[in-house]
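Take a look at the structure below.
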Amino acid sequence: MFQLFVDVGRAALQRPFQFREFILQAWFIASVTILPTILVAIPFGATVSLQTGSLIKQLGAESFTGAASVVAVIQQASPLVVALLVAGAAGSAVAADLGSRTIREEIDAMRVLGIDPIQRLVVPRVLGMVLVAVLLNGLVSVVGVAGGYFFNVVAQGGTPGAYLASFSALAQLPDLWIGEIKAAVFGLIAAVVAAYKGLNPKGGPKGVGDAVNEGVVITFLLLFFANIILTAVYLSLVPPKGA
């Protein structure tokens, strides 16, 4: 997988860039992930808001409910929701597509014709998944914060003014940047793992299905490890607001 990551980085700099394939893959990935992402972001943001609101009320700091919810959604919840859905929906589709091409020997035929399958097929899918993950992260952040606002005001009896006024108490602009960086890294990991499994299926058509399942599981494991590392680095480099 690491070797494929290096090859993708090298092939992405080669010309000609497969711009048409990149647009098609980005559109396909967006079409299979945008609706599930929105449907998951609403209850996810509501759950975070309800849990943080309940905890903050116990601590007697109701005025910071909005700030805590926003920080939790933007820093952690939004990138993870995007990563899981991109890996589960788009990653499985990429692995199945490349796996079917591999068992039909299309990949070998491309190599015989002197066409680099990584530059022609893998790079547009990887870059498309990274782009869609970054854009979806912004969408999930907005939907999650809006859902948290609605449920905090309606279900917990909070005041709209206090919720909105507390945004700047704990949240800061780098929180948004780390969320976008996480989304890009998670999309890159999901795409590379899916491409690797798709290019290396074992056992014919049944192996393609196994490769898809293995790719999703491996991606989930790597995503959580990457999230821990990125969060630790961010918290060590960017001090909390007011510290």
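The values are calculated or read from the model by the stated rules, or taken from the named source; none is laboratory data. Quick caveat: nothing in here was measured; it's all calculated off a predicted structure. When we count neighbours, we look across all protein chains shown, and the Cβ atoms used for this are built from the backbone with ideal geometry, even at glycine. The protein model used for the area step is the full one, side chains on, heavy atoms only, and it has no ligands, DNA or RNA in it. Shrake-Rupley method; radii C 1.70, N 1.55, O 1.52, S 1.80 Å.
Quick notes
- Selection count where residues are part of a helix (DSSP H, G or I), under 20 Å from Asp175 (Cα atoms) and open to solvent by 30 Å² or more (accessible area, probe 1.4 Å), scope the range 195-242: 10
- Residue match in the range 127-145 (condition: over 20 Å from the mean Cα position of the chain (by Cα), assigned to a helix (DSSP H, G or I), of a type outside the set (Ser, Thr, Tyr) and under 27 Å from Gly204 (Cβ atoms)): no
- Test result for Val192, in a helix (DSSP H, G or I), open to solvent by less than 30 Å² (accessible area, probe 1.4 Å) and either at pLDDT 90 or above or closer than 17 Å to Gln76 by Cα (or both): yes
- For the range 13-70, taking the residues that are aromatic (Phe, Trp, Tyr) and at pLDDT 80 or above, the one that is least open to solvent (accessible area, probe 1.4 Å) is identified as Phe22.
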